[in-house]
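The structure appears below as C-alpha cells.
Read-outs throughout are calculated quantities, based only on the coordinates presented, and are distinct from any laboratory measurement. No experiment lies behind these values; they were computed from the predicted model shown. No Cβ is skipped: glycine too gets one built from the backbone with ideal geometry, and neighbour counts run over all protein chains shown.
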Amino acid sequence: MVAGLTVLLVLVMAGSCLLGAVDFERGEILQSPIFWRLRLPRVVMSVLVGAVLSVCGAAYQSIFRNPLTDPYVLGVSSGASLGAAVAILLGLEAVLWGVGGMALAAALLTVLFIYRIASIGNRMHTTTLLLTGVCLTLLISAVISFLMVLNQEKMDAIIFWTMGSFGSSSWTDVAVLAPVAVVGIAVVLWYGRDLNLLLAGSEAAQSMGVEVEKVKRVLLLFTTLMVAFAVSSCGVIGFVGLIVPHAVRLVAGPDNRKVVPYSMLCGALFVLVCDTLARYVLRPSELPVGSLTSMVGAPLFIYLLYKNKKSY
C-alpha cells in the first residue's frame, strides 16, 4: 500500500505542475521559469506540509489518547498567527522571511510558555497541556481580532494568511522546512511501537518498558518544531492533522507503525490536491487552501464516521 500511495503521489505531483493560471505548450514546461521558480517549489511545499501536519496529528492523537486532537492544539497556530499579524502590521512582508520568521518565533515562544505551565518537576501533565493550549488559543485569537479592528487596512492580508496559502512558496521555504520534516517524521516513525503502547495509558506503557515522560517530551519537541516551521511558511491550514490520521485509522486500523506512514502519504496527497484546486478553479485568482481543506475534508470525514459508526 505504501508503494502504491507513493506512485500515486508522484503522478499527482506531475499533474499538478501542469495546472495553474498559465498553460504550457507541449515540450515547453521544462524550459519555463514559471515551472522551476513557482510551480515546482509550490508542489513540493504542499506535499511537505501535508505530510507534516498528518504525521503530527497521528502522533498527538496517540500521545493524548484523543481522536479529536490536532497539531494546533498546543497553540502553535495561534502563536504563529499573532506573530504574522504583528509582522504584517509592521510592514515586514517585503523582508525575506519577515512574516514567516515572526510567525515561527511567536509559535515556538507560545508552545514553550504552555510547556512551562504544564510541567510539574520532570513530569508533564497532558490534561493541563491541552487546557492551557485551548485557553491561550482563545486569548490570542481575541488579541488578533483587536489588532485587525484597529488596523482595518491590513485586515485582508492577516485573514488571508490565517487561512493558509502556498502562493509565495519558494525553494528557500523548501530548504528550511524539508530537513525539519525529514528528521521529525523519522523520529515519529521510530517511536511507532511506543505510540501504540501509549494508547493503553501511561501506567500500562510504563509497565511494558516505555520511558513515558522521555518519549512524550521527544515526540512533542519534534512534532512542535515541524508544525511551527510548516505554519510559519504557509499560514494556518486547518483540518488536515485531524481528519487524515483519523480516516487512516478507520481504514487501516490503530497500529501506528502503519498509521504514521499512511498518514504521511495521504496527508501529502490531500493537501496537494486541495492546493491544485485552490489555484486552478478560479484562475487567475486563487482560493486560500485552508478553506478548501475544510470544505473537502469535513464532508469526507463525516462520511467515514457514518460508514464506520458501528465500530464506535
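See the values below:
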{"read-out": "Of Val176, Ser81, Gly101, farthest towards positive along the dipole that unit charges on Lys, Arg, Asp, Glu beta carbons give the stretch 35-311", "value": "Val176"}
{"read-out": "Cα→Cβ-extended label distance, 7 Å offset, between Val149 and Trp171, nm", "value": "4.6 nm"}
{"read-out": "Answer label, with P(r) over Cα pairs in 20 Å bins from 0, in percent calculated from the coordinates and candidates (1) 22, 34, 16, 15, 10, 3, 0; (2) 21, 30, 18, 22, 8, 1, 0; (3) 33, 57, 9, 0", "value": "(3)"}
{"read-out": "Unit charges on C-beta of K, R, D, E only; dipole of the chain, Debye", "value": "740 debye"}
{"read-out": "Whole-Hz ³J(HN,Hα) from phi, Karplus 6.51 cos²θ - 1.76 cosθ + 1.60, for the stretch 257-273, glycine and proline x", "value": "5, 9, 4, 5, x, 5, 5, 4, 6, 5, x, 4, 4, 4, 5, 4, 5"}
{"read-out": "FRET efficiency, 1/(1 + (r/R0)^6) with R0 35 Å, evaluated for Leu300 and Cys135 via beta carbons", "value": "0.70"}
{"read-out": "Simple label model, 7 Å out from Cα along Cβ direction - Leu8 to Trp36, nm", "value": "3.3 nm"}
{"read-out": "J(HN,Hα) series, the stretch 291-303, from Karplus relation 6.51 cos²θ - 1.76 cosθ + 1.60, nearest Hz, glycine and proline x", "value": "5, 6, 4, 6, 5, 7, x, 4, x, 5, 5, 4, 4"}
